[in-house]
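Shown next, in structure tokens, is the structure this report addresses.
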Amino acid sequence: MKRSSQKKEPIWQQHLFWICVLGAFSIRICFLLSNQDRAWPFSIFYYGDSRHFYEQALNVLTGKQLENGIPFHPPAFPVVLAGLYRLVGANIETGAVSHLAVKVFLALINSFSVGFLAQTLKPFFNPRIIVISCTLFTLHFGYSVLAIAPVSEGLYLTLLMFCLWQTAQFWSNRAAPPYAQEILRCLVLGTLPLLRAESLFWVTGLWILPWIPVLRSKQFRRALVSMVFFLPVGFWTLRNYQSLHRINQTQSYSEPLPQWVPLTLYGPLNLALANHPGADGRFSPSLLSASDHLDLNNPQHLELLLHGQKPALHFIGNHPIDFLNLVLNKWALTLRVFNLGYGQTNFPNGLTGIRNPVDIFVGNKGWGLLSLPLFFWGIWQTRKNPKTKQWFAFTIFQSLYFLAITAFFFGYTRQGLLFFWAWLPFLAISLDKALDWLQRWIPAKITVWTIAAIVLCLSLWGTFSTRNFRASGPTLPNGKLNPDAEIQLEILE
């Protein structure tokens, strides 16, 4: 009998998906328990729209319309959050929720993103690079924050990684997948813009991309199943039409609201707030007169909501140099993602720094930027490998897409987290070369187990020694810190 020429994968490779998921969940739980905000309805490292999501999730549970029927924000995350509130036994009447339990479930959901990333990287990298990449993704401070904060990015990344896994399989096989698998992929892809509206054109590209070789073989009937991609946004568009039509009939605003809104109404307003002579690249509602909060009964607020693109384009067209400087500021804010560190302590930048308005915390030190040469070295090492060149092209395209969005809207470091993960394999390649070099003197197994033991000990140590912080910044009339302003965070030793 002939033996199979195919080498059987080691058992850890066969179960890599679940190893990644369970490992990531353990690290995220340790991260959650290491800070004083574990049971708060937000994260001190990223407040964002936490309050809004909490209120809208309660609206879902009480049968009220999201945002009184006006689509200011994408709807998917409040709906998911409402399901988690129901699961943990929230008191709907009082609004009392076990936020710690909710964060544990969010951490579990996000941990699957690490397993899906491992599956996505399989056609492009060897197992060692995949393991190092997933380890970096798991330990990265920014992704740890997104995993446990009640904001939409953590869920978005999990669903995106699932879709990329399916798309990578589709693309590498060059053949249409089973109908059920493709329907699921397209439905999840179609749901992503209902989590993050700016991803609409990006996920549309991911929907189309793998069908190019299939359509060349004229399998048009199979391609028709992918049209379910349009169902989530189509359903939301019809809901918006009915809701806004009713509002226009019952409310007497100075101008009727548009009724055909695929995702949200906020586009023109954000364009205006992000592009004017006083803008500095960060989120600021300073352009709104009389109040920092949107009031549709204020004619100026309504004008910006409906026609904000006019003053924005006027500024861009008449002040091109100022706009270019503004874009560079926005990109600098977004690319600070390369300065985020790893582990609970945000090593090497530490836990003293700034949380910009509606953004994630970034440490004051700039030591994280020292890793940039390692990214470039990893890219150089793979320049002749056709598979890794494909991944590099994907990474560049994804990064340029989100930087293009940033150019016209706000500069957020958290926006950088939506594409930074794709660069991690190139850092992993450099680290793998370093491990090869160390192997001359220290066996690889000893190095790996030593690093794993250090990470485990630091994670457990942080879990049992809760960190406290001092926060300072602008205050509201009630004396509390304004969560939508710049906040200085300082760790108390």
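The values are calculated or read from the model by the stated rules, or taken from the named source; none is laboratory data. In this text the structure is predicted, and so the values were computed from the model without any measurement. With ideal geometry, Cβ positions are generated from the backbone for all residues, glycine too; neighbour counts draw on all protein chains shown.
Side notes on the structure shown:
- If you check T345, T334, T352 for being in contact with a Ser or Thr (Cβ under 6 Å, 6 or more places away or on another chain) and of a type in the set (S, T, Y), only one passes: T334.
- Taking the range 361-462 and the helices (runs of 4 or more DSSP H) fully enclosed by it, the elements with 1 or more residues that are without any contact (Cβ under 8 Å) to a residue 24 or more places away in the chain are at 372-381, 386-408, 424-438.
- Residue that is touching a strand residue (DSSP E or B) at 6+ places or on another chain (Cβ under 6 Å) and either surrounded by fewer than 21 Cβ atoms within 10 Å (Cβ to Cβ) or at pLDDT 95 or above (or both), where the choices are A149, A180: A149
- Flag for L296 being touching a residue at least 24 places away in the same chain (Cβ under 8 Å), of a type in the set (A, V, I, L, M) and on the phi < 0 side of the Ramachandran plot: yes
Here is a yes/no grid of residues against (1) surrounded by fewer than 19 Cβ atoms within 10 Å (Cβ to Cβ); (2) over 28 Å from the mean Cα position of the chain (by Cα); (3) in a loop (DSSP other than H, G, I, E, B):
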residue: L238; (1), (2), (3): yes, no, no
residue: L244; (1), (2), (3): no, yes, no
residue: S254; (1), (2), (3): yes, yes, yes
residue: Q259; (1), (2), (3): yes, yes, yes
residue: R282; (1), (2), (3): yes, no, yes
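- Filtering the range 69-99 to residues that are farther than 18 Å from H52 by Cα and part of a helix (DSSP H, G or I) leaves only L87.
- Note on the range 377-418: among residues that are charged (D, E, K, R) and surrounded by fewer than 17 Cβ atoms within 10 Å (Cβ to Cβ), the one that is farthest from the chain's Cα centre (by Cα) is K384.
- Count of residues meeting criterion [at pLDDT below 95 and either under 19 Å from S144 (Cβ atoms) or β-branched (V, I, T) (or both)] in the range 388-430: 1
- Residue check, V151 under 22 Å from V455 (Cβ atoms) and out of contact with any Pro (no Cβ under 9 Å at 6 or more places or on another chain): no
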